[in-house]
1. With each pseudo-label sitting 7 Å past Cα toward Cβ, what's the H97-A66 distance in nm, one decimal?
2. For region 1-103, which whole percent of the accessible surface, found with a 1.4 angstrom probe, sits on carbon and sulfur atoms?
3. When 1/r is averaged over all different Cα pairs and the result inverted, which Kirkwood radius in Å belongs to region 15-90?
4. Given a Förster distance of 22 Å, report the FRET efficiency between R275 and E314 from their Cβ-Cβ distance, rounded to the nearest 0.05.
5. Could you check the simple spin-label distance between T20 and M133, using points 7 Å along Cα→Cβ, in nm with one decimal?
6. Kirkwood Rh, region 96-137, all Cα pairs: how many Å?
7. Using 1/(1 + (r/R0)^6) with R0 = 25 angstrom and r between the beta carbons of V194 and V174, what's the FRET efficiency to the nearest 0.05?
8. For region 111-185, what does the accessible surface come to per residue with a 1.4 Å probe? Please give it in Å².
Amino acid sequence: MRGWSIPLGRWFGVELRMHTFFLLLAVLCLFYANAAGVGASAGLALWVLILAAVFVREFARVVVAAWFGMRLRAILLLPIGGLFAYADPESQEQAAHGQGRLALTFAGPIANLLTALVLTAGALGASGGLNLMALPVITPAALLRSFIWLQAFLGVLHLLPAYPLDMGRLLRGVFASAHGSTPASRALAGLSQVLALVCFAGLFYHDAILPATGFFLFIGAQLEDQGVMFQSVVDTVVMREVMLTDYATLSPTDTLADALQRSVHSLQEDFPVVRDRRLVGIVNRQRIVDQLRVEGNGYIQGVMTRNFQVAKPEDTLGTIIRRLTAGKGMSLIPVAEGERVVGMVSVQNLMTSMSLLNEQRRLERIESGN
């Protein structure tokens, strides 16, 4: 989610990010306003209304997720909606197969359609002169009418059986129960690509809305498909398979100078600090260097971090990644059986370990096939 996105802060403990495609959409809105003969401010206003329509549906979905006890870690806003990153596998399972999946599916469309109805009733009741059927229905020259149709369009769009739209997520969950997660994701991603190509046909009718929708639908399907595949992998890999077992440790009574000399001959960035094979702390190589520069030589026990998390060999990689993400500045998680350290998981080596594990599994599959 962090790639190609802009952070919007944390809201009630959930990280909110906006995909940079929204910036591309802002440029398109400015061109649209210029073609319609209105000012740039009207184009930016139309962009804000699109963002507001997405906020309406995502707020409704967040409320439903909280009602059913689903814990969210982050939300990525796209012009066609939002992608949820769940804080734990239980919440993800609840969203895909649990009791709340129907409510989560229809919360967004209902919120958008109800908002469109309320705006229509308010506009007609206030003036009675609003022509909802004037073409084009979405234009920077008529912002109120555009906002109504944006809400209605977004609500109806997510009732289509395409991925990552709300109905597509529901169908993926149904198909996954019968055929498995990977075949279901691939089938829905293929259906989404077909629908995206249909939307691109709007170019022949000089309609900018449908091609833009098809583009963002295609990209959204790719993003969520990658996320689902990644999640399915990390939740099946356990620490015993990827933890480092060949590593250097330090003692609390080691001097900083001795530790620096040892780190010169090691590729490690972080070192477990152990006493009688019992983990008592963690120290970073840069911390050692900084302390030597500022205060001179001393002992490791004076600079080591005593606030750390410990993993078990049977913990999944997904659980550890969530711990590393939640822990500010955390780059190392020791793996222990009881109080004895048996390995460690480092951000520095995690991707290398995963790549090598994938290659090992591929060779095992080839050998078993022979």
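1. The two pseudo-label positions are separated by 2.8 nm.
2. Working: 3630 of 5230 Å².
Carbon-and-sulfur percentage of accessible area, whole number: 69.
3. On the way: mean 1/r = 0.0730 Å⁻¹.
It is 13.7 Å.
4. On the way: r = 25 Å, r/R0 = 1.15.
Efficiency for this residue pair is about 0.30.
5. 4.4
6. 12.5
7. 0.85
8. The answer is 45 Å² per residue.
The values are calculated or read from the model by the stated rules, or taken from the named source; none is laboratory data. Predicted model only: the values in this text are computed from it and were never measured. FYI the Cβ positions are ideal-geometry reconstructions off the backbone, even for glycines, and counts take in every protein chain you see. Ligands, DNA and RNA are excluded from the accessible area calculation, which covers all protein heavy atoms including side chains. Shrake-Rupley method; radii C 1.70, N 1.55, O 1.52, S 1.80 Å.
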